Amino acid sequence: MDKLIVTGGTRLEGTVEMSGGKNGCLALMAGALLAKGETILINVPQIGDVRTMIEVLRALGVRCDEEPGGVLKIDATEIRTTEAPYELVRKMRASFCVLGPLLARKGYAKVAMPGGCDIGARPIDFHVKGIQTLGAHLVTDHGFVEVEADRLHGGQIYLNFPSAGATQHLMTTAALAEGVTTIHNAAMEPEVVEVAAFLNKMGARIEGAGTATVRIEGVKELRGTTFKLIPDRMEAGTFAVAAVITMGDVRIENIRPADVEPFVMKLRETGAIVDMYENAMRVRCNARPLATDIMTMPHPGFPTDLQQPFAAMLSIAEGTSVVTENVYERRFKYVNELVRMGADIKQEGRTAIITGVPKLTGAQTAATDLRAGAALVCAALAAEGQSEISGVEHIERGYENLVGKLRSLGAQINDNGSETKEAPTTEPVVQASGSPVL
Ligand code: UD1
């Protein structure tokens with residue numbers, strides 16, 4: 001699929017089901033390296049980043065079997081090599097997080113410095129410093145990080161910023177260290193809690209995940225387990241934006257209300273009506289959304305991953321909005337593309353000022369990273385006329401069957417001009433059922 005072709009202006013209506021969460025999934029796959037035995041992950045999304053992580057694990061000689069229905073079996077009883085190749089790690093930053101588990105299991109690892117979406121400086125200093133605190137001898141050389149330790153020991157780790165990736169990686173690594181590790185200023189993302197729950201199910205002793213202080217008491221061995229992934233809150237947020245920007249009415253199923261709450265609170269400020277249910281939300285909007293300001297922050301702040309789709313929606317809002325990006329400074333690369341569609345956005349540094357226009361118009365645009373791609377798709381759904389979005393490979397990294405799911409809601413979207421792609425993944429029901437719980 002080279003590009004998406006979208007004819008905007010159709011109100012999205014119906015029911016759509018969210019997939020398992022990408023960010024947790026990648027960390028769990030790295031964590032599976034700790035177990036001697038089979039780990040079974042359920043609700044695994046079929047997306048590019050998961051495929052890349054499977055390739056990384058296979059390159060280490062670990063058995064990975066994909067089964068229908070989103071089941072992934074990983075057996076790391078045997079790890080043939082502890083060196084993760086550059087060609088794979090450069091494709092995706094999260095693959096760097098095999099470093100700690102490999103070290104904890106085998107006493108040595110060599111992993112290429114990571115790549116991934118170009119959304120600003122993405123250093124690995126917290127990871128490196130944390131692993132050294134756990135007793136590893138570490139050298140960086142020719143674009144590789146090489147670590148060595150007979151047995152890791154516990155330690156006090158302070159993160160300068162509550163990094164989700166570093167918290168997951170260090171928690172995972174410390175699970176097999178001798179003694180107690182404490183991570184201070186830890187990230188509180190639902191995917192951090194998810195990784196802790198997974199490791200505990202494998203036999204780890206982790207407390208405090210979801211707070212700013214995580215305590216890990218190391219154990220000697222971990223066993224394989226079966227674990228169901230939590231839903232993708234970023235996918236849910238993207239579909240909520242798609243509903244509002246098209247003034248539609250969409251029921252989004254397989255969500256956890258608490259995980260999407262920070263986003264939903266801001267969505268309501270735009271005039272959208274959001275009804276929350278036990279595992280679903282209904283999002284609708286009958287008029288142009290209203291302007292509102294957003295500021296991205298670590299969880300439970302407004303998620304940086306949803307900044308771009310939300311900004312696409314604000315570009316047609318009534319009034320002026322200020323968007324401040326506090327996590328990744330280059331997450332504004334979609335702005336020029338939206339301007340080409342008629343948006344009025346002025347961006348300087350970490351701030352974008354968006355003056356809402358009544359209508360966007362279709363244009364040829366290019367996705368530069370995953371969430372920028374999502375923003376362009378949302379904008380194109382609302383725009384007058386036809387848009388072409390290239391750089392689809394970025395979108396495929398993180399969204400399972402985005403085209404099919406949007407088509408099931410009535411969107412006119414094709415991949416590379418194909419007219420008849422199989423669409424519905426869920427039955428098209430417009431009415432929300434059950435009583436709102438929030
Ligand atoms: C994860 C998510 C990504 C999300 C981001 C922030 C995955 C696979 N990706 O990325 O979708 O946008 O969290 O919620 O889970 N930092 C350092 N040094 C480090 C590590 C991070 O300075 O060693 C900084 C980063 O530059 C950034 C901030 O910390 O400014 C947050 O980054 P982090 O939470 O680590 O992002 P990722 O885990 O890479």
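Per-residue Karplus couplings for the range 286-293, computed as 6.51 cos²θ - 1.76 cosθ + 1.60 with θ equal to phi - 60°, are listed in order as 9, 9, 4, x, 9, 5, 7, 9 Hz, Gly and Pro entered as x. For the chain, the solvent-accessible area of protein heavy atoms averages 38 Å² per residue (probe radius 1.4 Å; ligands and nucleic acids excluded). Rounded to the nearest 10 degrees, the angle from helix 257-269 to the longest Cα principal axis of the chain is 30 degrees. Amide H contacts under 5 Å for D249: L12, E13, G14, restricted to partners 5 or more places along the chain or on a different chain, H placed in the peptide plane at 1.01 Å from N. Counting only protein chain heavy atoms and rolling a 1.4 Å probe, the accessible areas of D75, D125, D150 rank, largest first, as D150, D125, D75. Normalising the average separation of contacting C-alpha pairs (under 8 angstrom, six or more residues apart) by the number of residues puts the relative contact order of the range 22-218 at 17 percent.
Determine, at each q value in 0.15 (inverse angstroms), the log₁₀ of I(q)/I(0) that the Debye formula gives when each Cα of the range 22-218 is one equal point scatterer. Taking Cα atoms of the range 22-218 as identical point scatterers yields -0.83. Considering only G48, G24, G179, the Gaussian network model of the chain with Cα springs below 10 Å gives its largest mean-square fluctuation to G179. For the range 151-161, the Karplus equation 6.51 cos²θ - 1.76 cosθ + 1.60, evaluated at θ = phi - 60°, returns couplings of 9, 6, 10, x, x, 9, 10, 10, 9, 5, 9 Hz by residue, with Gly and Pro reported as x.
Measuring only protein heavy atoms, the 1.4 Å probe finds Y86 accessible over about 120 Å². Helix 48-59 axis versus longest C-alpha principal axis of the chain: approximately 20°, rounded to the nearest ten.
Surface composition of the range 284-366: carbon plus sulfur atoms hold 51% of the accessible area, using a 1.4 angstrom probe and ignoring ligands, DNA and RNA. Here the sum of -39500 (n - 2.57) over DSSP H runs of 4 or more residues, divided by the residues of the chain, equals -8500 deg cm²/dmol at 222 nm, to the nearest 500. Name the long-range amide H neighbours of A187: under 5 Å, sequence gap of 5 or more, or other chain; modelled H, no Pro or chain starts. Amide H to amide H, under 5 Å and 5 or more residues apart or across chains, A187 pairs with S163, T167. Using only the alpha-carbon atoms, how far is helix 370-382 inclined from the longest principal axis of the chain? Give it as 0 to 90 degrees, nearest 10. Approximately 20 degrees, to the nearest ten. Counting only protein heavy atoms and a 1.4 Å probe, tell me what percentage of the range 22-218's accessible area is made up of carbon and sulfur. The C+S portion of the solvent-accessible surface of the range 22-218 is 48 percent. Based on C-alpha pairs under 8 angstrom that are at least 6 apart in sequence, the range 1-86 has a relative contact order of 29 percent.
Packing order of peptides 255-263, 139-147, 97-105, highest average first: 97-105, 255-263, 139-147 (average count of other Cβ atoms within 10 Å over each peptide's residues). In this structure, the residue pairs whose Cα-Cα separation is over 30 Å, taken from K91/K220; K228/K359; K106/K129, are K91/K220; K228/K359.
When the alpha carbon gyration tensor of the range 229-292 is reduced to an equivalent ellipsoid, its three semi-axes come out at 19, 11, 10 angstrom, largest first. In order along the range 241-254, the Karplus-derived 3J(HN,Hα) couplings, from 6.51 cos²θ - 1.76 cosθ + 1.60 at θ = phi - 60°, round to 4, 4, 5, 6, 5, 9, 6, x, 8, 10, 9, 9, 9, 6 Hz, and Gly and Pro are given as x.
Using only Cα coordinates, the Kirkwood hydrodynamic radius of the chain works out to 22.0 Å. Show log10 I(q)/I(0) for the range 144-192 at q = 0.17, 0.29 Å⁻¹, two decimals, from a solvent-free Debye sum over equal Cα scatterers. Relative scattering, expressed as log10 I(q)/I(0), comes to -0.53, -1.12. The Cβ shell under 11 Å around R205 holds other residues with a net charge of -1, Lys and Arg each +1, Asp and Glu each -1. Once all protein chains are placed together, E78 keeps about 140 Å² accessible to a 1.4 angstrom probe. Solvent-accessible area of T365, all protein chains in place: 10 Å² (probe radius 1.4 Å, heavy atoms, ligands and nucleic acids excluded). Both the radius of gyration and Dmax for the range 3-130 are 16.8, 57 Å, in that order, over alpha-carbon atoms. Under a 5 Å amide H cut-off, with hydrogens placed 1.01 Å from N, S19 pairs with D232 among residues at least 5 apart or on other chains.
The values are calculated or read from the model by the stated rules, or taken from the named source; none is laboratory data. Since this is a predicted model, take the numbers as computed values, not measurements. Because the Cβ atoms are built from the backbone with ideal geometry, glycine has one as well, and the counts that use them run over all protein chains shown. These accessible areas exclude ligands, DNA and RNA; they are computed on the full protein's heavy atoms, side chains included. Shrake-Rupley method; radii C 1.70, N 1.55, O 1.52, S 1.80 Å.
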